[in-house]
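Here is the structure we will look at, set down as structure tokens.
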Amino acid sequence: MDASQINHLAVIVAAISDMAVGALWYSPLLFYKGWMDVNRFSEEDLKKGNPAVIYGLTLVFSLIISYNLAFFLADEGTDLMWGLTAGLLAGVGWATMSFATIGLFERRSAKYILINSGYIIVAFAVKGIILGAWR
């Protein structure tokens, strides 16, 4: 693991991609209504949050995740396909399985787990593609 092999700009773009994927995933075009239903949220509930805190911490967490994945991919042989593969392996094998386990103990519905796990998998795949291709 060689930190000099990390493209820091790619890490930042990968972190921002989390937010872009989330904006699309949880939009009315895709899973907004289903996500609102399984969480029993109303439009008023969403207005109660502090957007600066929510989006600010989301970006910090996304940077940490992206740097973590970048360290795993910090190898000369890394390319787009290995980035995608590593993103999918981390997204499915670690993040989604951890999330699903927590969801089971919280007695969350399969729909809740699938909507959010789908986002996790796609977000990790996109991060992997960015980090693998942009060396």
Note on region 70-98: residues closer than 17 Å to H8 by Cβ and in a helix (DSSP H, G or I) are A70, F71, F72, G83
With over 21 Å from V126 (Cβ atoms), at pLDDT 95 or above and not charged (D, E, K, R) as the only criterion, which of V38, V60, V21, V13 stands out?
V38
I need a count of the residues in region 87-116 that are surrounded by fewer than 20 Cβ atoms within 10 Å (Cβ to Cβ) and without any contact (Cβ under 8 Å) to a residue 40 or more places away in the chain.
19
Within region 1-14, considering residues that are in contact with a helix residue (DSSP H, G or I) (Cβ under 8 Å, 6 or more places away or on another chain) and in a loop (DSSP other than H, G, I, E, B), the one farthest from L59 (Cα to Cα):
M1
Starting from region 21-36, keep only residues that are without any contact (Cβ under 8 Å) to a residue 40 or more places away in the chain, then list their pairs with residues that are surrounded by 14 or more Cβ atoms within 10 Å (Cβ to Cβ) whose Cβ atoms are within a distance under 6 Å, requiring at least 6 positions of separation or different chains.
Y32/Y26
Do you know which of the residues in region 117-126 that are over 23 Å from D79 (Cβ atoms) and touching a residue at least 40 places away in the same chain (Cβ under 8 Å) is surrounded by the most Cβ atoms within 10 Å (Cβ to Cβ)?
Y119
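If you go through region 108-115 one residue at a time, do you hit one that is part of a loop (DSSP other than H, G, I, E, B), charged (D, E, K, R) and at pLDDT 95 or above?
yes
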Here's a check for you: in region 15-67, which residue that is surrounded by 11 or more Cβ atoms within 10 Å (Cβ to Cβ) and not in a helix (DSSP H, G or I) is farthest from the chain's Cα centre (by Cα)?
F41
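The values are calculated or read from the model by the stated rules, or taken from the named source; none is laboratory data. On a predicted model such as this, the values are computed, not experimentally measured, just so you know. A quick note on method: Cβ atoms are made from the backbone with ideal geometry, for glycine too, and the neighbour counts reach across all protein chains shown.
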